[in-house]
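Working notes for the structure below.
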Amino acid sequence: MERAKILVVDDESRLRKLVRDFLVKNNYEVIEAENGEEAVDLFFAQKEIALIILDVMMPKMDGWQVCKEIRQYSTVPIIMLTAKSDERDELLGFELGVDEYISKPFSPKILVARVEAILRRAGATVADATEIGGIVLDKSAHQVSVDGQFIDLSVKEFELLAYFIENKGIALSRERILNNVWNYDYFGDARTIDTHVKKLRSKMGDKGDYIKTIWGMGYKFEV
């Protein structure tokens with residue numbers, strides 16, 4: 001299987017080397033950038049980057065700016081690194097579409113575990129596209145098309161649709177969806193699923209009707 005490519009962005013060369021060594025040891029391909037401008041250039045030049053590990057405080061262009069720039073064109077998973085543990089920073093990160101938020105100093109083993117969990121949920125290591133009822137979901141490219149037209153989904157909307165398709169015809173409780181899409185470390189309100197389903201249905205047009213509501217329980221994807 002082709003190794004997932006990860007972009008590591010940090011102006012501290014020692015930290016980049018530490019992260020790179022642990023990722024390479026776990027069979028990932030790693031490319032590095034020492035500032036935000038280089039990160040953006042590399043991202044659009046390299047293609048097929050499965051995940052970005054991005055530092056907040058950097059010269060030329062900080063992590064927030066990099067995230068905003070990339071999010072205009074891609075839903076690639078992003079792990080944000082920061083020296084701060086400010087709740088406002090975390091909320092800003094999630095609003096910008098950051099998938100994980102890790103404060104320095106951190107354990108490289110924990111970082112690798114986070115990378116593996118995100119790629120597993122995003123399906124970035126699966127190369128095949130799935131077609132069902134006019135919907136084509138390509139996990140390797142992180143793209144979805146409906147009746148031949150690409151639709152713009154957030155990372156969580158993409159993962160939610162992928163989970164529905166993988167479990168088509170199966171009644172899924174909200175708790176089960178939370179555990180598998182948001183992972184076991186999510187401690188939020190299960191109603192967040194309803195919000196994401198509403199947005200997903202809207203973006204899918206008529207095909208949104210494939211997501212059936214099971215009152216008092218959850219949802220079922222049925223074509």
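Each reported figure results from applying straightforward, stated rules to the coordinates on display, with no laboratory input. Please read these numbers as outputs of a predicted model, since none were measured by experiment. Positions of Cβ are backbone-derived with ideal geometry, glycine not excepted, and every protein chain shown enters the neighbour counts.
To the nearest 10 degrees, how steeply does helix 108-122 sit against the main Cα axis of the chain, on a 0 to 90 scale?
Its long axis makes an angle of about 30 degrees.
For segment 5-122, compute the orientation-averaged projected area of the C-alpha convex hull (one quarter of its surface), in nm².
On the way: hull surface 25.8 nm².
So the mean shadow area of the Cα hull is 6.4 nm².
If you stretched the chain out fully between T213 and E48, how much longer would it get, using 0.36 nm times the residue separation minus the C-alpha to C-alpha distance?
Numbers: separation 165, 0.36 × 165 = 59.40 nm, distance 3.49 nm.
My answer for the length gained is 55.9 nm.
To the nearest 0.05, what FRET efficiency results for R201 and K17 with a Förster distance of 35 Å applied to their C-beta separation? Show your work: numbers first, answer last.
Numbers: r = 45 Å, r/R0 = 1.29.
Once rounded, the FRET efficiency stands at 0.20.
Output the peptides 65-72, 40-47 sorted from most to least packed, where packing is the average of other Cβ atoms within 10 Å over each peptide's residues. Walk me through the intermediate numbers first.
On the way: 65-72: 17.2, 40-47: 13.4.
Result, highest mean Cβ count within 10 Å first: 65-72, 40-47.
Based on the Cβ-Cβ distance from R176 to R71, what FRET efficiency comes out when R0 is 25 Å, to the nearest 0.05?
On the way: r = 29 Å, r/R0 = 1.15.
With R0 = 25 Å, the Cβ-Cβ based efficiency is 0.30.
7 Å from Cα along Cα→Cβ at both F106 and A190: what's the point-to-point distance in nm?
Those two pseudo-labels are separated by 3.0 nm.
So how tilted is helix 13-25 from the main axis of the chain? Cα-based, degrees 0 to 90, rounded to 10.
The angle comes out near 50 degrees.
Work out, step by step, the length gained on full extension between A117 and K5: first 0.36 nm times the residue separation, then minus their alpha carbon distance; give nm to one decimal.
38.8 nm
Does anyone have the angle between helix 191-204 and the longest principal axis of the chain? Alpha-carbon axes, 0 to 90°, nearest 10?
Value to nearest ten degrees: 80.
Rounding to the nearest 20 debye, state how big the charge dipole of the chain is about its Cα centre with +1 on each Lys and Arg Cβ and -1 on each Asp and Glu Cβ.
Numbers: 31 positive and 38 negative charges, 126 e Å.
It works out to roughly 600 debye.
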